[in-house]
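Okay, structure first, notes after.
The values are calculated or read from the model by the stated rules, or taken from the named source; none is laboratory data. Worth saying up front: this structure is predicted, and the values here are computed from it rather than measured. Cβ placement follows ideal geometry from the backbone for every residue including glycine, while neighbour counts extend to all protein chains displayed. To get the accessible areas, we keep the full protein, side chains included, count just its heavy atoms, and leave off ligands, DNA and RNA. Shrake-Rupley method; radii C 1.70, N 1.55, O 1.52, S 1.80 Å.
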Amino acid sequence: MQVYCNSLTEYSRLKTLEVKIGDLLLGNLHPVRVQTMTTTDTMDTITTVEQSIRCIEAGAELVRITAPSKREAENLLNIKNELRKRGYKTPLVADIHFTPNAAEIAARIVEKVRVNPGNYVDKKKFEQIEYTDAEYAEEIDRIRERFTPLIKICKEYGTAMRIGTNHGSLSDRIMSRYGDTPMGMVESAMEFLRIARNESYHNIVLSMKASNTLVMVEAYRLLVNTMFEEFGECYPLHLGVTEAGDGEDGRIKSAVGIGTLMEDGLGDTIRVSLTEDPEFEIPVCKDLVKRYENRIHQSHVKDLLNNISDKLHVRNSQRSTINSQQLILPYNPFEYKRRHTHEVNNIGGMLVPIVVADFMQKEKIAADDLKAIGYTYDAATDKWNIGDSAADYIYTADKLLNFHLPGTLKIICNAKKWLQHQDLSDTVFPLFEGVEYLDVVEKSSRENFIAIDVNKIDKNIKQKIFDLVATDVTAVLCLYSSNKHSMADVRRTVIELMDHNLKAPVIISVESNCTSVDEQLIQFSAEAGALLLDGFGDGIWLMNDPKKMHNTKLSGRNYIPVTNNHQFLNATSFSILQATRTRISKTEYISCPSCGRTLFDLQETTARIRARTNHLKGVKIAIMGCIVNGPGEMADADFGYVGGAPGKINLYVGKKPIKFNIPEAEAVDRLVDLIKEHGKWAEPETDSTPELTGAH
Ligand code: SF4
């Protein structure tokens, strides 16, 4: 077993090599830099300059601009000059795919170039070719020959480089040997990195993006581990989730992927890819970075203390930490596997993680309130309609409900209250507060919830609880932490459970005191998402105090305010489960953020496709702006809607193009037809629970 960060059980930022991008320093514990990418036509100098300025004013520290051909690469000079003329010194990054010539021009103009090793030299043909060792080596020589001139230019001009691997655009060579895997992504970047190191070029940042957060997180972790194994040092990491989509889903998916790695202490620069105007990505980035700012100081102190060993030329001091942790880790952070737990009623085992709706703060609970958590009562038929995102449990604290519950909803109440209502043994279950469980006289014969603040609980009491839980097949642990770095705190406790071979299910409980809905979304996603991606959650329980929230409007254009806090928490819980792919309750959209190559209005089209298909639970639909990168980046989508030419759309089933050059006006209808033809269509229900903070 091998690991990839300073510590899995407390926050510590990983020190990486320092990279210089213009005047901006990145890596080496410098603040995490925030960046975005323009969506304008690169040949339209003024529009691109103006959009760049909006991004910079919003806080972008780097602005990336696409350079699909030599023409656009050359026009970067005009864009840069105009920006400098207007007083903006922010470094620019040229985004390159397929065109080494454009890269070599851009590297002489802008401060950084991004190359995608999957398509810098290789043409992706989706062919599964077998390579002999000799053929493979020949391919590497071919890459070296084509890539080395760019390195030399970067060295001469002091230009930085990002080697940016994408899950969806691995070369045939990599696919043939590693498949479409995190290890393939890592090797794809490492081939380029080795060539650069041989040329003594180190001004390099790396990324491992995917739209699947599991793949993305595993790839970054493997990359760090591989760099330490091979070089004894780590280059800075650019974190991002590709094609995350828009609205709260896009934010949650990004925060799950990026936040999980930041919780691990990884990441030197981040980009949140949303199908929205790029300036709207920046507040999300800032909220993510802000969570770790006050913790950076601690790692600086740690670093100072570590300097003594640095002087003793223990260059890879982090590796010794890695090795010592190899001995104790009871799970594999490079490969998702759900922690083995036993089933307690409908929780644990291989059952999907449950959602607990927190109604602690609600003084009176009426049947109508359940609408916010997916249940709509129809008085005419005396029936409950149950939505796809309907909570499984409702926590009522010291209240009980005076109406019949929907059949799929159960109640958790405080143990003292439960004692008065043991007759309701099928639907109401007690919650014990940590130590309370040790002295329990009466408990449910089916399900008992035990809440533990893992930060505050005394070590001996925790051990006693563990001893009791070991023989209690009705115990479900609700773990939370009042520690600022609560994710690592809870992870430490789950690791202890595994070390003790305890099989009790765990509900991941996160309480937020953040004052805006944006920050809460980020906190919930990062903390709960990280634990779910480690395979540690049998349920999710999100809590907040709406009275402390000053801002209940999600940032970005066209978003309505959060009017119902229960609906917000419930929808966020289901979105986090969806983003971690642990419980699928709705359609998944993989939409590119758009760039200068985009052939249609991505935001408007995404909204139209969403309006027609958002009831297709579990169906994955990709909406990609261009045919150049779109098909490769669609990852594991079931259907693809891809810009083929101006005003013309190509439709895909998986990665296979099925229909070509459909006029844009009828393309959404044809997409629906295609979904129907492939048996994935269902008619929308007329009375579905409305979406929460949704866009459009
Ligand atoms: S898929 Fe979208 S973001 Fe990627 S190059 Fe094409 S238009 Fe640009």
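Observations on the structure shown:
- Counted residues, region 1-25 - those being over 26 Å from Val454 (Cβ atoms) and either within 22 Å of the chain's Cα centre (by Cα) or of a type in the set (D, E, K, R) (or both): 5
- Some residue of region 160-182 being part of a helix (DSSP H, G or I), surrounded by fewer than 24 Cβ atoms within 10 Å (Cβ to Cβ), in contact with a strand residue (DSSP E or B) (Cβ under 7 Å, 6 or more places away or on another chain) and not β-branched (Val, Ile, Thr): no
- Only one of the numbered conditions (1) more than 15 Å from the ligand (Cβ to nearest atom); (2) open to solvent by less than 20 Å² (accessible area, probe 1.4 Å); (3) polar (S, T, N, Q) is not met by Asn650, and that is (1).
- Flag if Glu104 is more than 29 Å from Arg177 (Cα to Cα) and free of Cβ contacts under 8 Å to residues at least 24 places away in the same chain: no
- Here region 197-245 is the region considered, the condition is being closer than 16 Å to Leu533 by Cα and among the hydroxyl-bearing types (Ser, Thr, Tyr), and the residue that is surrounded by the fewest Cβ atoms within 10 Å (Cβ to Cβ) is Thr213.
- The sole residue among Gln578, Gln603 that is open to solvent by 20 Å² or more (accessible area, probe 1.4 Å), among the polar types (S, T, N, Q) and not in a loop (DSSP other than H, G, I, E, B) is Gln603.
- Pairs with Cβ under 6 Å, 6+ apart, first in region 220-249 and within 22 Å of Thr16 (Cβ to Cβ), second of a type in the set (Lys, Arg): Phe228/Arg319; Gly232/Arg315; His238/Arg162; Gly240/Lys209; Gly240/Arg271; Val241/Lys253; Thr242/Lys209
- Considering region 606-636, and only residues there that are part of a helix (DSSP H, G or I) and within 12 Å of the ligand (Cβ to nearest atom), the residue that is nearest to the chain's Cα centre (by Cα) turns out to be Glu633.
- Pairs with Cβ under 6 Å, 6+ apart, first in region 624-637 and under 16 Å from Lys648 (Cα atoms), second more than 8 Å from the ligand (Cβ to nearest atom) and among the small types (Gly, Ala, Ser): Ile627/Gly644
- Among the numbered conditions (1) of a type in the set (Val, Ile, Thr); (2) surrounded by fewer than 17 Cβ atoms within 10 Å (Cβ to Cβ); (3) assigned to a helix (DSSP H, G or I), the only one that Ile105 does not meet is (2).
- Some residue of region 148-156 being out of contact with any helix residue (DSSP H, G or I) (no Cβ under 9 Å at 6 or more places or on another chain) and crowded, with 16+ Cβ neighbours inside 10 Å: yes
- Here is the figure for region 30-51: residues that are surrounded by fewer than 16 Cβ atoms within 10 Å (Cβ to Cβ), part of a loop (DSSP other than H, G, I, E, B) and either among the β-branched types (Val, Ile, Thr) or within 22 Å of the chain's Cα centre (by Cα) (or both) total 1.
- Against the numbered list (1) more than 30 Å from Arg295 (Cβ to Cβ); (2) assigned to a helix (DSSP H, G or I), Glu57 comes up short only at (1).
- Residue list for region 52-80, restricted to those being under 13 Å from Leu92 (Cα atoms) and within 14 Å of the ligand (Cβ to nearest atom): Arg64, Ile65, Thr66, Ala67
- Residue check for Met543: farther than 26 Å from Ala667 by Cα, at pLDDT 90 or above and surrounded by fewer than 24 Cβ atoms within 10 Å (Cβ to Cβ): yes
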